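All remarks here apply to the structure that follows.
The values are calculated or read from the model by the stated rules, or taken from the named source; none is laboratory data. Since the model is a prediction, treat every value here as computed from it, not as a measurement. Note that each Cβ is placed from the backbone with ideal geometry, even for glycine, and that neighbours are counted across all protein chains shown. Each accessible area value is taken on the protein alone, full model and side chains, heavy atoms only, with ligands, DNA and RNA left out. Shrake-Rupley method; radii C 1.70, N 1.55, O 1.52, S 1.80 Å.
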Amino acid sequence: MEVAAIIPAYNEDKTIGPILSVLQKCPQVKQIIVVSDGSTDRTVKVALSFDGVEVVELPCNIGKGGAIMAGLKRTQAEVLLFLDADLIGLTSEHVSSLLTPVLESNAQMAVGVFERGRMATDLAQKMAPFLSGQRVLTRNLLEKVVDLDISRFGVEVMLHR
C-alpha cells in the first residue's frame, strides 16, 4: 500500500525542517505533501528546500481540516500519515511504529502519542490521547468522515468519533 504524508502547517518554519528530514528517510513514505495554511513566515520556503516534497500553498488560513483536504486532493495514496508541523524529536522509528498497524491491516487507523516534546503537549496527550495530530489511516476511512474540510481545528475530534 502506498503511503502519503500530509503535513498541515501554519507558520512552522522553525520546526518543519526536521520533520521533513525524518520523513525523507522513511522507506514506507512515498509522497510528502506540506500544506501551508496561509503561512506568512518562511514555512513554504523551508518546505521547498527539501527535494521531492510537494507544497500546497493556501492563500489564507482555512484551518487544519481544510488543509488536510487540500493535501488529500494531491494524492491517490491508500494510506495517509498526518503529522503536526510543530513536532519535536520525531524519529523514523516513530513513523514506522505508527504506520505498522495500518500497513499490516491490523487497524484502519493508528494514533501516535509521543513523549519528550513540549511539556504542555505531553500533558495534553496523557489527558486526551485521542486528540493527537499524529495518526495514520486508510483513505477509505478518511473519505467516510463528513465535513472534515470545515472542521477547522476540530479534526482530531471528528476523526475519533
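The residues of the stretch 25-37 that are open to solvent by 10 Å² or more (accessible area, probe 1.4 Å) and touching a residue at least 24 places away in the same chain (Cβ under 8 Å), listed by number, are LYS25, GLN28, VAL29, LYS30, GLN31, ILE32. Of the residues in the stretch 13-24, none is surrounded by fewer than 17 Cβ atoms within 10 Å (Cβ to Cβ) and among the acidic types (Asp, Glu).
Rundown of residues vs (1) buried (at least 19 other Cβ atoms within 10 Å of the Cβ); (2) of a type outside the set (Lys, Arg); (3) at pLDDT below 90, yes/no style:
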{"site": "ARG74", "(1), (2), (3)": "no, no, no"}
{"site": "LEU80", "(1), (2), (3)": "yes, yes, no"}
{"site": "ALA85", "(1), (2), (3)": "yes, yes, no"}
{"site": "VAL95", "(1), (2), (3)": "yes, yes, no"}
{"site": "GLU104", "(1), (2), (3)": "no, yes, no"}
{"site": "GLY112", "(1), (2), (3)": "yes, yes, yes"}
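Filtered by the rule that a residue be in contact with a Lys or Arg (Cβ under 6 Å, 6 or more places away or on another chain) and either modelled with pLDDT under 95 or not in a loop (DSSP other than H, G, I, E, B) (or both), the stretch 8-53 gives PRO8, ILE33. Among the numbered conditions (1) within 24 Å of VAL113 (Cα to Cα); (2) part of a strand (DSSP E or B); (3) acidic (Asp, Glu), the only one that ASP84 does not meet is (2).
With the structure loaded, tell me whether PRO18 is in contact (Cβ under 8 Å) with a residue 12 or more places away in the chain and farther than 16 Å from ILE6 by Cα or whether it fails that test. The answer is no for PRO18.
Whenever a residue of the stretch 46-73 is under 14 Å from ILE16 (Cβ atoms), its partners that are open to solvent by 70 Å² or more (accessible area, probe 1.4 Å) and part of a loop (DSSP other than H, G, I, E, B), lying with C-beta atoms within less than 9 angstrom and at least six residues away or across chains, give the pairs VAL46/LYS14; GLU54/ARG74; VAL56/LYS73; VAL56/ARG74; ALA67/TYR10.
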